[in-house]
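**Q** The structure follows.
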Amino acid sequence: ERRKQLMILHLFKMIMNRKKANFFLLLQLFVTFTALFLCLGLNLKKLGNYFRPLGYQYEDSWLVVLDFQHLPEEKKLEFSRLIQQKLQAVKEIELVSATQVIPFQQLCNEEKITYNKQTSKALGFEVDENYSTVLGIKLVEGRWFTAKDYVLNAIPVVLTEDLAERDFKQGSPIGKTILIGDRPALIVGVSEAVRENTGADLNPGFFIPLKTAATSYLLKSKNTDNFQLLEDQIRKTINSVGISEILIRQNISLTLVKKYAQKTDYIQLSITLLVFAFLLINVFLGISGVFSYNLSKRKAEVGLRVTMGASPADILQQFLLESIVLTTLGILPGLLIAIQMLIMQYLDAYYGTLSILGAALFLYLLMLSCAFYPSLKAARLNPSDALHEE
């Protein structure tokens, strides 16, 4: 054990004495570690989110998005309500919810909330009283707001469970008043935590009634798999209003909306994998070339060690240990940058730590694989030939 420690210390000294010869290799290791850490850090969390519950059901839901174009605001509100009533009358549709929040499309606003003079930020979801039923959002406590609550002096609000835990650590938030911006809001319920998208973070939020005319509707129906039937019925119903300014932008099931949203993530992941593969090939070739070149310049050293009694296994061990020491020196500056990013909370601590470990482990394995063949070749070198060549 003591002998190994002395050997590693000796290797550190040797490498430091060859700073110029190893500079390019160390620079490659530093850049690769930093790039790999960022690649893993930005994608691991997103990948992990795919396996977490959304907090709602989308399988029996349908999305309709309208464009009222140049209609005045009062006309928009009038036709928005009329269209909702007409859609509700369609026999294939069980329930209609007017909303500004569309799952998998991240249409929400960040709002400032204040409680007991403590101010924080959360996502504000503007929906109507039917939203929780259409998407099957479960309540942890309290109730969902109803149309009767709209006449209250304070805005009725339903907090998500993670927001309630964050801002109301002691006791139930039901019945308490908060400020949303500068408007008083009465907490009437707490729902399970929800996510806007399959790859999005689980951000604290709250549901409040719509303030403006709805341009989006979520419909609950058992016929979402019969695309032609439901799409045709909805289009006929909206066209029956008789206003040419009202255009249908989207008329599709939420299942398909989810698939389209995931395509973007798949494209991003594919591009990341291609860049990663290109980086891997270049780094492998670069490190192998540099390591082979450096070892070719040390034939006399190898021949001298073998002459003094070193076995091929000792030579192989030395060069492999040297590759590990080089990798350690190369990733140290990148490690400092990575830790600084975690401290500044640019990346999630858990996934950031996994990214550091993954990037470091990958580079150690890559360096050993690059160094093994040149080291094995050097270990099998005939000492007399090496010394004669020198």
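**Q** Scan region 120-166 residue by residue and report those that are assigned to a helix (DSSP H, G or I) and crowded, with 21+ Cβ neighbours inside 10 Å. Before the answer, list the steps.
**A** Initially, region 120-166 is screened for residues assigned to a helix (DSSP H, G or I), giving 131-135, 147-151, 161-166.
Scanning region 120-166 gives Y131, S132, V134, L135, L163, A164.
**Q** Would you confirm whether or not region 170-181 contains a residue that is at pLDDT 90 or above, among the charged types (D, E, K, R), in contact with a strand residue (DSSP E or B) (Cβ under 9 Å, 6 or more places away or on another chain) and surrounded by fewer than 17 Cβ atoms within 10 Å (Cβ to Cβ)?
**A** Yes.
**Q** Give region 236-263 a look and list any residue that's touching a strand residue (DSSP E or B) at 6+ places or on another chain (Cβ under 8 Å) and either on the phi > 0 side of the Ramachandran plot or of a type in the set (G, A, S) (or both), or say none.
**A** Hit for region 236-263 is S253, nothing else.
**Q** Please enumerate the residues belonging to region 153-167 that are over 23 Å from the mean Cα position of the chain (by Cα), under 11 Å from I113 (Cβ atoms) and not β-branched (V, I, T).
**A** L159, D167
**Q** Considering only residues that are surrounded by fewer than 14 Cβ atoms within 10 Å (Cβ to Cβ) and within 30 Å of D348 (Cβ to Cβ), look in region 53-76 and name the one that is nearest to the chain's Cα centre (by Cα).
**A** For region 53-76, the residue satisfying everything is P53.
**Q** Write out, first by first residue and then by second, each pair whose Cβ atoms fall under 7 Å of each other, whose residues are 6+ apart or on separate chains, and whose first residue, in region 329-353, is under 12 Å from F37 (Cβ atoms) while the second is outside any helix (DSSP H, G or I) and modelled with pLDDT under 90.
**A** M341/L347
**Q** Given the residues I356, I337, which is the only one that is in a helix (DSSP H, G or I), modelled with pLDDT of 85 or more, open to solvent by less than 30 Å² (accessible area, probe 1.4 Å) and of a type in the set (A, V, I, L, M, F, W, C)?
**A** Just one listed residue meets the conditions, I356.
**Q** In addition: Could you grab me the full set of residues in region 32-51 that are open to solvent by 40 Å² or more (accessible area, probe 1.4 Å) and touching a Leu at 6+ places or on another chain (Cβ under 9 Å)? Don't jump to the end; show me each part of the working.
**A** Just the residues of region 32-51 that are open to solvent by 40 Å² or more (accessible area, probe 1.4 Å), to begin with: 35, 38, 40, 42, 44-47, 50-51.
Scanning region 32-51 gives A35, L38, L40, L42, L44, K45, K46, L47.
**Q** Does region 167-198 hold any residues that are touching a helix residue (DSSP H, G or I) at 6+ places or on another chain (Cβ under 7 Å), outside any strand (DSSP E or B) and within 16 Å of P209 (Cβ to Cβ), and which are they?
**A** Those that are touching a helix residue (DSSP H, G or I) at 6+ places or on another chain (Cβ under 7 Å), outside any strand (DSSP E or B) and within 16 Å of P209 (Cβ to Cβ): none in region 167-198.
Let's see how each residue does on (1) in contact with a strand residue (DSSP E or B) (Cβ under 8 Å, 6 or more places away or on another chain); (2) free of Cβ contacts under 8 Å to residues at least 12 places away in the same chain; (3) closer than 30 Å to D265 by Cα:
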residue	(1), (2), (3)
Y56	no, no, yes
L71	no, no, no
K112	yes, no, yes
A122	yes, no, yes
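**Q** Inspect region 184-197 for any residue being modelled with pLDDT of 85 or more and under 28 Å from K86 (Cβ atoms) and give the result as yes or no. Steps first, please.
**A** Taking region 184-197 first, the residues modelled with pLDDT of 85 or more are 184-194.
Within this subset, residues satisfying the condition of being under 28 Å from K86 (Cβ atoms) are none.
No, region 184-197 contains no residue that is modelled with pLDDT of 85 or more and under 28 Å from K86 (Cβ atoms).
Here is a yes/no grid of residues against (1) of a type in the set (S, T, Y); (2) over 30 Å from K263 (Cβ atoms):
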site: N109; (1), (2): no, no
site: T119; (1), (2): yes, yes
site: G124; (1), (2): no, no
site: E129; (1), (2): no, yes
site: G142; (1), (2): no, yes
site: A147; (1), (2): no, yes
site: V151; (1), (2): no, yes
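Residue-by-condition table, conditions (1) in contact (Cβ under 8 Å) with a residue 60 or more places away in the chain; (2) of a type in the set (A, V, I, L, M); (3) touching a helix residue (DSSP H, G or I) at 6+ places or on another chain (Cβ under 6 Å):
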| position | (1), (2), (3) |
| --- | --- |
| I208 | yes, yes, no |
| L218 | yes, yes, yes |
| T224 | yes, no, no |
| K236 | no, no, no |
| R249 | yes, no, no |
| T255 | yes, no, no |
| K258 | yes, no, no |
| A261 | yes, yes, no |
| L274 | no, yes, no |
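The values are calculated or read from the model by the stated rules, or taken from the named source; none is laboratory data. Just so it is clear, the structure is predicted and the values come from calculations on it, not from any experiment. Please note: Cβ atoms are built from the backbone with ideal geometry, for glycine as well, and neighbour counts cover all protein chains shown. Quick note on the areas: whole protein, heavy atoms, side chains included, nothing else; ligands and nucleic acids left out. Shrake-Rupley method; radii C 1.70, N 1.55, O 1.52, S 1.80 Å.
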